[in-house]
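Below is one structure, written out as structure tokens; the observations come after it.
The values are calculated or read from the model by the stated rules, or taken from the named source; none is laboratory data. Computed from a predicted structure; not experimentally measured. Glycine gets a Cβ as well: all are built from the backbone with ideal geometry, and neighbour counts include every protein chain shown.
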Amino acid sequence: MAASFQPIVDTARGTVVGYEALARFPGFGEKNPEAWFAAARRHSLAAQLEAAALRRALAFRPSLPTNCFMAVNVSPDLLGTEDVRSVWREHSDLGGIVVELTEQMPIESYVDLEPDLNSLRAAGALIAVDDAGAGYAGLRHLLSIRPSLIKIDRELVQGVDRDEAKRALIRMLGMFASQVDAWILAEGVETAQELDALASLGVPLLQGYFLARPAPAWATLDVDVAHRLASRPLAKHPQILRDLVESATTAESTPRAQKAFLADQGLDVVVLMSANGRPEALLDASGAGLGVVSPGMRANLDTPIAQALDRAMTRPASSRFHPLLVTDNAGRFAGIARLERMITALTTAANFDPQS
């Protein structure tokens, strides 16, 4: 068994930000990976084969390019098997790994998935749902799993440049994702017209043969495609969270955060970090003595400020105006973005633009 990696592209910047690991079977007459995994199921060897594919992909992790993530595929019904669990135990820190739940088998019980999903998240992994908009991955699927990445099915992507109904559904998925702190990724992009339509809809991540085919680690984006994305017209005052991010005091526990507040009377927030260095929550000065924490809202460095503000306003009133926890593409903590700075940036740009 070999591993190939298909690039995942940032629409706004025209750069590769991640790779999906795909199993390949060179040297055999049967080349279709789905046939191999189907045969493994028939012979009750599905968990062993998926575990082998995971190990093969994760072996490349040390050489993964900086600020890129790796997506690996797992069947939901195999997530709780000892074979698959043993793979995760070999990696105490899963930061930069996206675990993508495939749609090969229906999910019988979301409750049964929770322990394994929580364990993966605690280790730093992000969860993705495959083929949103088709089959079992309906709204209940998304609401129950609350993924960080939602992959749009190829059936929705195909011909999206000519189908207004598909465009409307993708807009709806984008709005839903923004409200639950998730990203959407359109897979199966095979034409320039599909790429242009998805980029105009604001889909942040793209994947497909038109952009790059599966290849040995680590393929780059075709120059012409990168130029096509990078040369798209931008707003007069493009502003993203990267422009406003600032450093913040961090601590690995509430008692340590309380000590930080005592040591610095001017400190207003401390970010609580997990053992593997991922932001987990916020503690502000007013609640420090009581140990009251806010789960915080995470946003990527390249999230547009207006979009980030829209998401922030969906939070409960008690935490609505807390700073956002800003991360890079691999989920690593980059700093905080304060809402007052975000509002000021937008109003300044609007006042500067005579057409606004």
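In this structure, does Phe261 turn out to be modelled with pLDDT of 85 or more and out of contact with any strand residue (DSSP E or B) (no Cβ under 9 Å at 6 or more places or on another chain)?
Working: modelled with pLDDT of 85 or more: yes; out of contact with any strand residue (DSSP E or B) (no Cβ under 9 Å at 6 or more places or on another chain): no.
In short, no.
Against the numbered list (1) buried (at least 21 other Cβ atoms within 10 Å of the Cβ); (2) more than 21 Å from the chain's Cα centre (by Cα); (3) among the acidic types (Asp, Glu), Glu34 comes up short only at (1).
Condition check for Ala21 on (1) within 25 Å of Ile152 (Cα to Cα); (2) among the small types (Gly, Ala, Ser); (3) free of Cβ contacts under 8 Å to residues at least 40 places away in the same chain: one failure, at (3).
A residue that is closer than 20 Å to Asp310 by Cα, modelled with pLDDT of 85 or more, aliphatic (A, V, I, L, M) and in the same structural domain as Asn118 (by TED's automatic domain parsing) occurs nowhere in the stretch 211-224. When residues in the stretch 54-80 are screened for being over 15 Å from Asp130 (Cβ atoms), of a type outside the set (Lys, Arg) and part of a helix (DSSP H, G or I), 5 of them pass. Taking (1) without any contact (Cβ under 8 Å) to a residue 24 or more places away in the chain; (2) closer than 30 Å to Leu64 by Cα; (3) assigned to a loop (DSSP other than H, G, I, E, B); (4) not assigned by TED's automatic domain parsing to the domain that holds Leu173 in turn, Ala248 satisfies each apart from (1). Residues in the stretch 195-223 that are under 22 Å from Ala182 (Cβ atoms) and either among the aliphatic types (A, V, I, L, M) or buried (at least 17 other Cβ atoms within 10 Å of the Cβ) (or both): Leu195, Ala197, Leu198, Ala199, Leu201, Val203, Pro204, Leu205, Leu206, Gln207, Gly208, Leu211. Would you confirm, using the coordinates I've provided, whether Gly208 is modelled with pLDDT of 90 or more, on the phi > 0 side of the Ramachandran plot and not assigned by TED's automatic domain parsing to the domain that holds Gly296? Taking the combined requirement at face value, the residue satisfies it.
Of note, Ala219 satisfies the criterion of being in contact with a Pro (Cβ under 9 Å, 6 or more places away or on another chain) and in contact (Cβ under 8 Å) with a residue 40 or more places away in the chain.
Are any residues in the stretch 156-202 in a loop (DSSP other than H, G, I, E, B), closer than 23 Å to Val223 by Cα and under 21 Å from the mean Cα position of the chain (by Cα), and if so, which ones? Write out each step before concluding.
From the stretch 156-202, those in a loop (DSSP other than H, G, I, E, B) are 158-159, 163, 180-182, 187-191, 201-202; that's our starting set.
Subsequent filtering for residues that are closer than 23 Å to Val223 by Cα retains 187-191, 201-202.
Matches in the stretch 156-202: Glu187, Gly188, Val189, Leu201, Gly202.
Let's see how each residue does on (1) of a type in the set (D, E, K, R); (2) at pLDDT 85 or above; (3) in a helix (DSSP H, G or I); (4) surrounded by 19 or more Cβ atoms within 10 Å (Cβ to Cβ):
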residue: Leu282; (1), (2), (3), (4): no, yes, no, yes
residue: Ala308; (1), (2), (3), (4): no, yes, yes, yes
residue: Arg315; (1), (2), (3), (4): yes, yes, no, no
residue: His322; (1), (2), (3), (4): no, yes, no, yes
residue: Met342; (1), (2), (3), (4): no, yes, yes, yes
